[in-house]
Amino acid sequence: MNPALLVDVAGATATVRIANPAKRNAMTLGMWRELPPLLDRLAADPAVRVLVLTGEGDTFCAGADISALTGDNAAPSQELAVAAEEALAAFPKPALAVVRGHCVGGGCQLAAACDLRFAAEGASFGVTPARLGIVYAASSTRRLVDLVGPATAKYLLFSAELIDAGRALRTGLVDEVWPEGELDARVAEFTRILAGRSQLTQAAAKEFADGRTDAERIAHWTAQARASTDTAEGVAAFLERRQPRFRWPAGPVRA
């Protein structure tokens with residue numbers, strides 16, 4: 001199989017699979033470059049309400065393809081990786097990383113850019129630029145600190161050691177850990193839950209949680225809430241003891 005980002009849309013969930021099995025799903029330059037426009041297409045699809053990012057087979061992602069980090073390719077590779085990470089973090093719908101096996105280097109960078117992370121019990125995580133003498137991007141470092149705190153971020157960055165799923169759960173790097181045989185069922189259940197909730201609530205909450213709380217964005221979401229029927233529908237559904245049918249947005253989700 002040639003290195004690729006495989007996309008499958010089932011119902012309201014789009015699944016993006018990192019597929020480079022010959023190199024434990026390492027990200028090539030082409031794959032880094034492909035991710036932002038792929039995410040733009042999924043964001044513009046009103047049928048897609050949830051994004052799942054995972055790896056093909058039993059590995060999430062072993063990081064960047066090291067062969068692409070030689071010579072003049074090193075700086076562009078890092079720039080493309082950061083651009084892909086930022087595009088994933090900015091995806092306007094809930095994004096869930098589903099991790100099996102190794103989630104290392106650039107793979108951990110992508111997982112951290114998702115909103116939530118579910119892992120199999122045998123998964124392992126590492127942030128490994130210290131093994132290669134790479135200065136981890138400031139934005140990536142800040143995101144990792146926000147996620148796990150400065151002490152754990154320094155442990156991961158200074159040592160480049162791998163940690164298991166249990167420690168990742170305790171430090172906040174992952175949100176749920178499941179036995180391998182139960183992970184897919186839990187992901188399917190949770191994505192159905194997310195798809196049934198208000199996208200208006202989710203989109204606004206994502207921006208606010210990520211620190212976009214300037215007056216312009218607050219005014220934007222206030223106007224969106226006033227124009228939307230989601231609140232009326234949510235209250236009516238609660239009183240009538242039925243599932244709500246939220247209709248925001250009428251078209252593509254836009255920032």
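Given labels modelled 7 Å from the Cα in the Cβ direction, how far is it in nm from ASP164 to ALA225?
Output for this residue pair reads 4.4 nm.
Which angle between 0 and 90 degrees, to the nearest 10, do you get for helix 180-196 versus the longest principal axis of the chain when only C-alpha atoms count?
Once rounded, the angle reads 40 degrees.
Would you look at the GNM of the chain, springs on alpha carbons closer than 10 Å, and say which of GLY122, GLY211, GLY234 moves the most?
Answer for the Gaussian network model of the chain: GLY211.
Just to confirm the number: angle between the C-alpha axis of helix 215-227 and the first principal axis of the chain, 0 to 90 degrees, nearest 10?
40
Say we join alpha carbon atoms closer than 10 Å with springs in a Gaussian network model of the chain; which of GLY55, GLY181, GLY172 then has the biggest fluctuation?
So, out of GLY55, GLY181, GLY172, the one fluctuating most is GLY181.
With the dipole of the chain worked out from charges on the C-beta (+1 for Lys and Arg, -1 for Asp and Glu) around the Cα centre, which of ILE193, VAL177, GLY57 lies farthest toward the positive end?
With unit charges placed on the Cβ atoms, the residue in question is ILE193.
Can you work out ³J(HN,Hα) from phi for every residue in the range 41-51, in order, using Karplus 6.51 cos²θ - 1.76 cosθ + 1.60 and θ = phi - 60°, giving whole Hz and x for Gly and Pro?
Coupling constants for the range 41-51: 5, 5, 5, 7, 8, x, 6, 8, 10, 9, 10 Hz.
Rounded to the nearest 500, what is the 222 nm mean residue ellipticity of the chain from helices alone, with -39500 (n - 2.57) per DSSP H run of 4+ residues and division by all residues?
Details: 10 runs with 119 residues, N = 255.
So the calculated ellipticity at 222 nm is -14500 deg cm²/dmol.
Can you find, among LEU157, ILE66, GLN78, the residue farthest towards the positive end of the dipole of the range 4-194? Put +1 on the C-beta of Lys and Arg, -1 on that of Asp and Glu.
Checked the options; the winner is LEU157.
Does the range 146-238 classify as rounded, prolate or oblate by the C-alpha gyration tensor (a ≥ b ≥ c root eigenvalues; a/c under 1.5 gives rounded; else a/b over b/c gives prolate, otherwise oblate)?
Values: a/c = 4.65, a/b = 1.52, b/c = 3.06.
Oblate, because a/c is 1.5 or more while a/b does not exceed b/c.
With r as the distance between the Cβ atoms of ILE218 and ASP40 and R0 = 25 Å, compute the FRET efficiency 1/(1 + (r/R0)^6) and round to 0.05.
Details: r = 25 Å, r/R0 = 1.00.
According to the calculation, E is roughly 0.50.
Non-local amide H neighbours of ARG117 (under 5 Å, H modeled in plane, Pro and chain starts lacking H): which ones?
ALA97, ASP175, GLU176
Among MET31, MET1, which comes first, then next, by fewest other beta-carbon atoms within 10 Å? Numbers along the way, then the final one.
Values: MET31 25, MET1 10.
Fewest-to-most ranking of MET31, MET1: MET1, MET31.
Using amide H atoms built in the peptide plane, which far-off residues or other-chain residues are under 5 Å from ALA64 H to H?
Distant-sequence amide H within range of ALA64: MET27, GLY106, GLY107.
May I ask you to derive the relative contact order of the chain, considering only C-alpha pairs under 8 Å and at least 6 residues apart, and to give it as an integer percent?
Working: 438 pairs, mean separation 41.6, N = 255.
After rounding, I find 16 percent.
Kindly list the residues of the range 196-228 that lie in the label zone of ASP175, defined by a backbone N under 19 Å from the point 7 Å along the Cα-to-C-beta vector.
Label zone hits: 196-212.
Take the alpha carbon gyration tensor of the range 4-194, find the square roots of its eigenvalues, order them as a ≥ b ≥ c, and report rounded if a/c is under 1.5; if not, report prolate when a/b exceeds b/c, else oblate. Please list the in-between numbers first.
Working: a/c = 1.56, a/b = 1.18, b/c = 1.32.
Here the range 4-194 falls in the oblate category.
So if I place +1 on the C-beta of Lys and Arg and -1 on the C-beta of Asp and Glu, and nothing else carries charge, what would the dipole magnitude of the chain be about its Cα centre? I want it in debye, nearest 20. Present the calculation step by step, with values, prior to reporting the outcome.
Details: 27 positive and 29 negative charges, 97 e Å.
Taking the Cα centre of the chain as origin, the dipole is about 460 debye.
What's the longest bit of the chain with no exposed trypsin sites (Lys or Arg not before Pro), using DSSP loop states and at most 13 other Cβ atoms within 10 Å as the test? Working shown, then result.
Values: sites that count: ARG241, ARG242, ARG245, ARG247, ARG254.
That gives 1-240 as the longest site-free run.
Can you tell me the 0 to 90 degree angle between the C-alpha axis of helix 138-148 and the longest principal axis of the chain, rounded to 10?
70
Read-outs throughout are calculated quantities, based only on the coordinates presented, and are distinct from any laboratory measurement. For clarity, every value in this text was computed on a predicted model and none was experimentally measured. With ideal geometry, Cβ positions are generated from the backbone for all residues, glycine too; neighbour counts draw on all protein chains shown.
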